[in-house]
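Asker: Let me give you the structure first, and then I'll get to my questions.
The values are calculated or read from the model by the stated rules, or taken from the named source; none is laboratory data. Treat the numbers as computed from the prediction; the structure is a model and nothing was measured. Cβ atoms come from the backbone with ideal geometry, glycine included; neighbour counts cover every protein chain shown.
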Amino acid sequence: MSALSETAKQDLSFVIPCYRSERTIEWVIQEIIEVTGKLNRTYEIIAVDDNSPDHVYDVLAGLARENRNIKVIHFSKNFGQHAGLMAGIRSSVGDVVVVLDDDGQCPLDHLSDLILPLEKGWDIAIAQYGRKKQSFFKNVCSNLNEIAANILVDKPKDLQMGNFMAFKRFIADEISRYAGPYPYLSGLLFRSSGHLANVPMQERARMEGGTTYTLRKLFSLWLNSFTAFSIKPLRFASLAGMVIAAVGFFYGAVIIVQKLANPAVAVGWSSLVVLQTILGGLILLVLGLIGEYLGRIYMSINQTPQYVIDQTINF
């Protein structure tokens, strides 16, 4: 058990990474309390302030003073949503851990539906939304991330990832063992169990504001989705190199035969430039990919932390 979690074991642990949500987080926490009361479940709420620039920590601190089941973690700097999830999961003690967002989009009124598959033998249950209420750009990025997960981290093709999920205690304990500096929750879930279920439900509209994911953050998340948990990109790079080399040899043989058959045929300058461009681009791509893996190994050897906790409340 984590040193942060020296409390009586709770039935449900809710983990909420918080960023720019001072106007929504109180409503989300209040709904959790109401829903768990109706289900007659004991609970703890772990809210992780990812060094948000607004006053969300003050809101959380006020709520925690009134209810000791509300626990707060404050990061010393912004480490990202998945680092916040890791901190919350690692410090949780519940039999079931529920992960959700801080913007009110997760349909907490369907919490019993989300937990039901766990009682029927599934290890992980994930909300499946018919149509996500987000921007076109975010939808495109989400679809690309889904494709990458299908190919590179062995995500079942018929499984949809979401921002509202629940999993058993042993899954949370296995996730907590990961000490690498680039956490990615979906990859950790896929490598922990093959018993994942989708639960159809309707996503709510965001209560206020828009996504806090910038293009840089989305690209970083997409990169984490496969470089942290798969070596398949390196294998693809090797395969691409072999294919390009084979095509080059074949094309070279064709040119030689043409030249022998007809000495008047001029050597094509344009074809040479095209080949050099393809090969140069491929070499740079492979070198960049290898460099990315080496950089991550270097950061791991240096024991770069997933997060640094500045303050805690009610632990």
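Asker: Kindly provide the set of residues from region 188-207 that are more than 20 Å from D102 (Cβ to Cβ), in a loop (DSSP other than H, G, I, E, B) and not hydroxyl-bearing (S, T, Y), ordered by number.
Answerer: Passing the criteria: G194, H195.
Asker: Among the residues of region 276-315, count how many are in contact with a Leu (Cβ under 9 Å, 6 or more places away or on another chain) and free of Cβ contacts under 8 Å to residues at least 40 places away in the same chain.
Answerer: 0
Asker: Looking at region 250-260, can you tell me whether even one residue there is of a type in the set (K, R), modelled with pLDDT under 75 and within 22 Å of the chain's Cα centre (by Cα)?
Answerer: no
Asker: Yes or no: region 54-61 includes at least one residue that is closer than 16 Å to V15 by Cα, of a type outside the set (K, R) and under 17 Å from the mean Cα position of the chain (by Cα).
Answerer: No, there is no match, as no residue in region 54-61 is closer than 16 Å to V15 by Cα, of a type outside the set (K, R) and under 17 Å from the mean Cα position of the chain (by Cα).
Asker: If you check I70, I32, which single one turns out to be farther than 24 Å from Q306 by Cβ and not polar (S, T, N, Q)? Even if it seems obvious, please write down each step before you answer.
Answerer: Numbers: I70 fails: farther than 24 Å from Q306 by Cβ.
Checking each option against the conditions leaves just I32.
Asker: If you take the residues of region 170-187 that are part of a helix (DSSP H, G or I) and aliphatic (A, V, I, L, M), which of them is nearest to the chain's Cα centre (by Cα)?
Answerer: In the first step, residues of region 170-187 are kept if they are part of a helix (DSSP H, G or I); the result is 170-176, 185-187.
Keeping just the survivors that are aliphatic (A, V, I, L, M) gives 171-172, 175, 185.
Working: I171: 16, A172: 15, I175: 13, L185: 5 Å.
Result: L185.
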